[in-house]
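Input: a single structure, listed below in structure tokens.
Values in this text are rule-based calculations from the coordinates and carry no lab data. Because the structure is a prediction, the values reported are computed rather than measured. As a convention, Cβ positions derive from the backbone with ideal geometry for all residues, glycine included, and neighbour counts pool all protein chains shown.
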Amino acid sequence: MNHSTRMPLHYQILIALIFGMTVGLIANFGFSRRNTNVELPDLVMSVEPDPEVFHVRFDGGSGVQRQTLGSFSALEKRYPRLAELYHREFSQGKVSSAATLIVKERQLTIAEDLDRIILTHSGTLDSEPFTDTIQARDPADLLKQFPEWGPAYGTYGGTPSRTLAGWAKAVGDLFLRMLKMISIPLIVTSLVTGVAGLGSSRQLGKMFAKTLGYYIVTSILAITTGICMVNLVRPGVGAILPGEGAGAVEGGDNTLGGIFGNLLNDMIPPNPIAALTDANFLSIITFSLLIGIFTIRAGEKAGRTFREFFEAAFEVMMGMTQFVISLAPIGVGAFMIYATASQGLQIFSTLAWYMLTVFLALVVHACVVLPMLVAFVGRRSPWKFAQAMSPALMTAFSTASSNGTLPLTLTSVETRAGVPNRVSSFVLPLGATINMDGTALYEAVAVLFIAQATPGFAMSLQAQILVAVTALLASVGAAGIPHAGLVMMAIVLQAVGLPLEAQGVILAVDRVLDMCRTTVNVWSDACGCAVITRLSDDQAGPTA
Ligand code: ASP
């Protein structure tokens, strides 16, 4: 391939990022709101007792549909008029098979933006006008709650920007699938090659200690920055949290013990092949480390054959990675369209101070704290290092997944920043799983914001320290996938006695903040490579 005539990858990705954002925003501003007014044919609704289960039959011109309601009270709740009629006829001994209502002069109004769909159905029933309004978050929610309105919404509803966001997500997901496809074999071959290349397992022990030290120190620095910022800006004071949509995030009932028990269990895979097929990162890392260690320990002939095999496999995987990475502009552009076209915009104004606090704290950590470590400990130019890492950083921003970005992080660090494979193959996969500065910072800021916005809830210094410690643990436990940090927040909220429901409030803006914190997570892992390389150079002599 002739790379010299092509625009450098980071510019291609940058252009795609800006292009995607522009297209998504135009779609969001211009085509996100739609009001539809349609006249519908008469609807015949009848209730058929079974005898205990009630079936409601709808015939509204677009095919007959049935809905099953478990009990009379369910019928009464959803269709009070029908229930009333049924009850009247039944008590007069008239109902043999069905009670029927005919709704005439029907009008349907669909008002929707990207946050909600409101269907208003009006007409006359027994010559009396009536109006029935239903609300859902999105088409899937509408179908779940009110399946009888699915066909009408399918025919008359939908916004162009929602459709565009759906297509863009489908394209972006294809790219993410490719990254996932290569990430496991890449981690395995890279780790085995890296560890086997160390030459002795004592060196590995030292590197492990330094890496862990780096993860802990930077996470604590990130959390401290977040806590200072939230106390300075005080975004929650006087904030009126939107009550709608509040609720605990699914899967959010984690406990500290449970999470760490799982982490420990994950470290020891009873079946390494199953761990590979389940893409369980921690299990794969442990097993690959062990293979690397015992390759060093194996006798001369076996050790060399094994190492050469993995080195060859690593080279092949790197080639495949380069190919997938060349598609990054398409994936990044598509994800940016999805992110900008699918977010409702008015929620941003409600939570603007909160978002600004998270953002500012992330900027301080990423642009001041980490670069200082790169400059003074790693002895490199932070600016040049950031430029080298830019393809990975932009991919992290658009995909909101550290795990997904890993192939780009590995190649950028090695081929563009010149970090030796023995360091990056160790620091990066482990870092993608457990070192998440951005997530740790975000957990602390979000929980303190919720505390400030909860009337009568005072946060003592001890409670803030508890938030800091649990935020650190939650970030270690969070997987490198979109929204993992939000799910993990449950343990921090529980630790200080705040209600889990508060998470529902910040869910609406989580994608944008997730994109920012994931970028910081990946940047911190990369900076770790620069720092660890220098720290191990001092002991192991100059690297290649
Ligand atoms: N999405 C983040 C990551 O992949 C984790 C999080 O939700 O904070 O690094």
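Brief remarks on what is shown
- On Cα atoms only, tilt of 421-434 relative to the major axis of the chain in degrees: 30 degrees
- Relative compactness, segment 393-544, computed as alpha-carbon Rg over 2.2 N^0.38 Å: 1.17
- Cα-based reach from Lys104 at 18 Å (exclusive), listing lysines while leaving out same-chain residues under 8 positions away: none
- Nearest-ten-degree value, helix 300-325 long axis tilted from longest Cα axis of the chain: 50 degrees
- log10 of Debye I(q)/I(0), alpha-carbon scatterers only, for the chain at 0.11, 0.12, 0.13 Å⁻¹: -1.01, -1.13, -1.25
- Burial order of peptide ranges 400-407, 482-489 (average beta-carbon count within 10 Å, highest first): 400-407, 482-489
- Between helix 484-496 and the chain there is an angle of about 90 degrees, using the helix long axis and the longest principal axis of the Cα atoms.
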